[in-house]
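The values are calculated or read from the model by the stated rules, or taken from the named source; none is laboratory data. Keep in mind it's a predicted model, so treat the numbers as computed, not measured. Neighbour counts run over all protein chains shown; Cβ positions are idealised from the backbone, glycine included.
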Amino acid sequence: MERVEIVPNLPLQELIEKKTTAIDQQFKDDSFMLVNIGNIIERYREWKMRLPNVEPFYAVKCNNDPVLLRILINLGVNFDCASM
C-alpha cells in the first residue's frame, strides 16, 4: 500500500538525512521517493503557458507511482503507455 507523507519545506539533503535515519532506526530495508509536488505543478503550468498548442504526454514507464499519476491526471496531462 502506498504511503504519502507531507514533510516540511526543508533543503533536500536534510530531508534525505531525516528519512534515512528514520528507516535505519526502524531496522527496515525500504525504499522511498521524495517528490516536490509544487515543482511538478509549476513545470506543467509553465509548459502550458509557453506551449499552449502542444499537449504533453507523460511516459508512464518512467515512473508509474500511483500518487504521481493521480497528480498528473488532475492536471489534465495525457499519458504514453507502452509495454516494456
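Worth pointing out:
- Restricting segment 3-28 to residues that are part of a loop (DSSP other than H, G, I, E, B) and over 27 Å from R70 (Cα atoms), the residue that is modelled with the highest pLDDT is Q26.
- Which numbered condition K19 misses (of (1) in contact (Cβ under 8 Å) with a residue 12 or more places away in the chain; (2) among the charged types (D, E, K, R); (3) loosely packed, with under 10 Cβ neighbours inside 10 Å): (3)
- Yes/no for V7 being among the β-branched types (V, I, T) and touching a strand residue (DSSP E or B) at 6+ places or on another chain (Cβ under 9 Å): no
- Counting the residues of segment 29-57 that are over 18 Å from the mean Cα position of the chain (by Cα) and assigned to a helix (DSSP H, G or I) gives 3.
- Checking each residue in segment 62-79 for being out of contact with any helix residue (DSSP H, G or I) (no Cβ under 8 Å at 6 or more places or on another chain) and either modelled with pLDDT of 90 or more or in a helix (DSSP H, G or I) (or both) picks out C62, P66, V67, R70, I73, N74, G76, N78.
- Here A82 meets each of (1) at pLDDT 85 or above; (2) loosely packed, with under 11 Cβ neighbours inside 10 Å; (3) not basic (K, R) with one exception, condition (1).
- Residues being touching a helix residue (DSSP H, G or I) at 6+ places or on another chain (Cβ under 7 Å), of a type in the set (F, W, Y) and farther than 18 Å from L72 by Cβ - total across segment 1-58: 1
- Residues satisfying the stated conditions in segment 33-55, i.e. surrounded by 10 or more Cβ atoms within 10 Å (Cβ to Cβ), more than 12 Å from L68 (Cα to Cα) and not aliphatic (A, V, I, L, M): E42, R43, Y44, R45, E46, W47, K48, E55
- Members of segment 36-61 that are among the hydrophobic types (A, V, I, L, M, F, W, C) and either more than 28 Å from L10 (Cβ to Cβ) or at pLDDT 90 or above (or both): I40, I41, W47, M49, L51, V54, F57, A59, V60
- One residue stands out in segment 68-84 among those that are of a type in the set (A, V, I, L, M, F, W, C) and without any contact (Cβ under 8 Å) to a residue 24 or more places away in the chain: the one that is nearest to M33 (Cα to Cα), namely L69.
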